[in-house]
Amino acid sequence: MPLVSSKEILEDAYKYRYAIGAFPGHHYEMIRAIISAAEELDTPVIIQTTPDTILYTGIHHLAQMVKTAAENTKIPVSLHLDHGDSFHLVNQCLRAGYSSIMIDGSKLELEDNILLVKKVVEVCHAVDVPVEAELGTIGGAEDNSNVRNREIFLTNPHLAEKFVNRTGIDFFAPAFGTAHGKYKSEPKLDFPLLDDISNRVNIPIVMHGASGISDKDLQKSIQYGISKVNFSTDLKSAFALELRQHLNENPSQENPRKMFITARESVKEIVKAKIKVLQGSKAAV
Ligand SMILES: [Zn+2]
């Protein structure tokens, strides 16, 4: 089917207390692994791309790959801009057919962040594309210079309420203890804060930096309104590990069509495992 908006699938998840996985479409191999996993579990999926991924492949190539993959499967697939860093890029993504947008103005002062997000919401909603935005700082090293090496400042729930009301966003990404990249120590999620934020904003909440969060904490977060969970590091690590091992074990392997098979397979298995955790509470309903 054609790409779907993330709004419908996330609102269903929010209502029935499960979550949709959002996975990084770095290139064709990753996109194929993610879609295969979702197909096997018959669940909607979000493929997301950062500005750096868009630069790497080119926006039209990337969008076309995901659109073609979506058109050739029965599961709902949404194409999301992750950590969009400018109004310009948002418009490019809309023209290329993205069906979900995140604008990250979290490095700006509150009023400037609100102004930028409002402008993005206006253009996106005009074409029925939902918007995610962030307040507070989710730290760590995603492959995006805007979020590299930043300290974590947890989201203030009062400001979160104001931010969501004034911007009209569809999904909210707060900072409540997760971080991008590999965790140096056990992550501590602030559930009372998440609960407070969730009760104030009343829209689906997004967890960034979910690689390394325990299954138990993932499921607990879902009970507090987390409806979209972003994974990246786990997939990248598995892909690199498998590819390295395959090439080491097969030093004469020079076939570009064959060298990614095991790496793709390992990403598919991780995506399946994560989706099962996110669907866990739905299965129990
Ligand atoms: Zn993120």
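We did not get these values from a lab; they are worked out from the coordinates using the rules stated. This structure is a prediction, so every number in the text was calculated from the model and none was measured. Cβ: placed from backbone, ideal geometry, glycine included. Neighbour counts: every protein chain shown.
Among DSSP bridges having both ends in the stretch 125-244, what percentage is antiparallel? Round to the nearest 5.
Taking every DSSP beta bridge within the stretch 125-244, about 20 percent pair in antiparallel fashion.
Could you tell me which of the pairs K67/K216; K118/K182; K7/K274; K7/K258 are separated by over 26 angstrom between their Cα atoms in the structure shown?
Among K67/K216; K118/K182; K7/K274; K7/K258, the Cα-Cα distance tops 26 Å for K67/K216; K118/K182; K7/K258.
Defining a contact as two alpha carbons under 8 Å apart and six or more residues distant in sequence, what relative contact order in percent does the stretch 2-65 show?
Normalised by residue count, the contact order of the stretch 2-65 is 32 percent.
How far is it, in nm, from the label point at H61 to the one at R200 when both lie 7 Å from their Cα along the line to the Cβ?
So the two model labels end up 4.4 nm from each other.
Aspartates and glutamates near K74 by alpha-carbon distance under 13 Å, same-chain residues fewer than 8 away left out - which ones?
Counting by Cα, and skipping residues close in sequence, K74 has these aspartates and glutamates nearby: E39, E40, D42.
Report the Cα centroid-to-centroid distance between the stretch 65-108 and the stretch 15-47 in angstrom, as an integer.
Spelled out, the Cα-based centre of one part sits 14 Å from the other.
What fraction of the DSSP beta bridges in the chain is antiparallel, stated in percent and rounded to the nearest 5?
Taking every DSSP beta bridge with both residues in the chain, the antiparallel ones total about 5 percent.
Based on DSSP H runs of at least 4 residues, each adding -39500 (n - 2.57), what is the mean residue ellipticity at 222 nm of the chain after dividing by all its residues, to the nearest 500 deg cm²/dmol?
-16000 deg cm²/dmol, from helical runs alone.
For the stretch 215-222, in order, what is each residue's ³J(HN,Hα) by Karplus, 6.51 cos²θ - 1.76 cosθ + 1.60 with θ = phi - 60°, in whole Hz (x at glycine and Pro)?
Listing the rounded values in order: 4, 4, 5, 4, 5, 5, 4, 4 Hz.
Within the set of other residues whose C-beta is less than 12 Å from the C-beta of N72, count the net charge using Lys and Arg as +1 and Asp and Glu as -1.
+1
Would you mind checking the tilt of helix 233-249 against the longest principal axis of the Cα atoms of the chain, expressed as 0 to 90 degrees and rounded to 10?
10 degrees
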